[in-house]
Amino acid sequence: MSTRPPPPQPPPAAEPEETRRLRAERAAAVEAMRAAVRDTTRLMRLFAILNEPAAPAEMFDRVLATLSELFMADVVALLESAGDDGLRPLAAIGLPLNQVTWPTAAGGGYAAEVLRGGTVGTTSRARADPRVEPCLVDVEAETAVWLPVAGDGPDRRGVLVLARCRPVPFSRSDVNLLQAMSYRIGRMIDRAHDEQERRKLDLQLQRAEKAESLGRMAGAVAHHFNNMLAAVIGSLELALQDLPADHRCRPDVARAEEAARRAAEISGLLLDYLGQAPASRSPTEIGQLVAATARRAEAGLPRHVRLAVKVDPAPMIALANAAQIAQAVINLVKNAAESIDPPAGEVRVSAHLVPAAAVPRGGPPSGDWQPRAPDYVCVEIVDNGCGIRPEAADKIFDPFFSSKAVGRGLGLPVVLGIVRAHDGTISVQSSVQSGTKVRLFLPRIDAPAPAAPAGAVPAVGHVARGVKVLLADDEDIVRRTAELMLAKLGYEVVTAADGFDAVERFRPARDDVGFVVLDLTMPRMNGWDALAAVRALRPGIPAILTSGYDEARALGSHPADTSPVFLHKPFTFDELKAAIAKLD
């Protein structure tokens, strides 16, 4: 049985043009909405990460990992502007940071151009584009985009780089979205800088507190140490004066005295580190002093070390203590020589003037030091030795720190204390196996350098021998030693155990006492109060004040019209004589 074929269907009616247009607009609107939702989701995800609490390095890694996922990028790098040094990678995905270098800001390449001009850079032919950085070519990037990163300030913070290792270019939508994100990333860099600055300030505060605490402790130790050494050195000196020249004990006593003097030197080094060493200052020609000191130090250098000295002929006058500056130069030359291993090496010593603007500041060990003079004398010691290891760089000025098998660890701390006491600063530059450069900066003054003092010990002045002397010290052994010294000089000595006792003993003998010797730190009544009470009973009586602390700390806060003579402990027989000679 045959079947009849179905009748042909009429062709569908053509869709009206308006309907097609509406359908296309609807599809475009749906796609735009999806893109907007997708972009908003990507933005919200990135912003959520940016708002999470995290250390800057961890935050950079999180952000770059998210960008890599959201934009299907094989390489993501965040580059920070480093001024004249160009671009420095803060973080990267798909690139080995320790092996990648980027052109300087003044050089070529997309990153440098984007940093300078502030416009977006893109390429879809990375391998053939000469402006693409070599590190991207090395990882076979096909397409890439470079975006300027701006923060809250007017300057651009850096460049954000994304690249794909497949021929899929970044869309206009991708670029627009990345531009919106780059501002928040710039603020992230700002926060990282703020955090770094805060940590730097915290570290400086910790160092300052550590230095202050160490200073108080070291000053107190030196004070008590000097008290005991005053008795030891004085007693040994008196014993040597009384022993016959051929006495069998004389060499032993002399060795004990020498050891005590060396112990006093250690105490002095502590005070040098604190900038509290008793020392007068006068206009000093630093260039001549440095040259002469370096030549003296040359005799003690190892044979394989050559010394070169170059001093600018221009006058370089600073208000300085010549002995302390010479000690600083000797310490630095010795340190430099010890860093040089055989067969040969060189230490270069120089001195010249520099303007205040050229003096480094802000970093350790300068701290918050700021220049106050228009010009500075720069003393420079350079060696080509082993250099300073990075882990030791922050410790080299700590007392008793030493990286050598020998040494007391006080060379550089003493130099630092001396320079600070002279209102100067110090800078250190070093590279392992390349050498070290140490520079001291001392404020220059407009004054002629005086003639060198004769240095002779003066004879006892007009205070007559045989008169009474009031001596007050709370340390029995120190008091007894000073009493014997004064008796040896021909004085009749009245002793007291503290300031209150001194005033009571002075009261009945006020007309017979020629001068008083008072320790500054005593119980019940200190030396200053005792001197005031004594002078209330007899105005203008000459006085010597003694202390294991430095002169500036002991006398600095009191009026100059009190005019006592200061005698630093431990003192020798000749130093006591010299102090008496200064009495009015």
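Packing here is the average count of other Cβ atoms within 10 Å per residue, and on that basis the peptides 432-440, 338-346, highest first, run 432-440, 338-346. Sequence-ordered 3J(HN,Hα) estimates for region 505-520 from the Karplus curve with 6.51, -1.76 and 1.60 and θ = phi - 60° stand at 6, 6, 3, x, 10, 4, 7, 9, 7, x, 7, 10, 10, 10, 6, 7 Hz, glycine and proline given as x.
Remark on Val467: its backbone amide H falls under 5 Å from those of Glu492, a criterion applied only to residues 5 or more positions apart or on other chains, H modelled at 1.01 Å from N. Here's the picture: a label point sits 7 Å out from the Cα of Arg372 along the beta-carbon direction, and within region 411-425 the residues with their amide nitrogen under 14 Å of it are 420-425. Under 5 Å from the amide H of Ala496 lie the amide H atoms of Leu471, Ala472, Asp473, each residue being 5 or more positions distant or on a separate chain, with H modelled from the backbone and absent for Pro and chain starts.
Quick one: divide the alpha-carbon radius of gyration of region 468-581 by 2.2 N^0.38 Å and tell me what you get. Cα Rg divided by the expected 2.2 N^0.38 Å: 0.95. With contacts taken as Cα pairs under 8 Å at a separation of at least 6 residues, region 283-443 carries a relative contact order of 24 percent.
Couplings 3J(HN,Hα) for region 177-192, derived from phi with the Karplus relation 6.51 cos²θ - 1.76 cosθ + 1.60 (θ = phi - 60°), are 5, 5, 5, 5, 6, 5, 5, 5, 5, x, 5, 5, 5, 4, 5, 5 Hz, where x marks Gly and Pro.
Read the figures in this text as sums done on the coordinates, not as results from a lab. The structure displayed is predicted, hence computed values, not measured ones. No Cβ is skipped: glycine too gets one built from the backbone with ideal geometry, and neighbour counts run over all protein chains shown.
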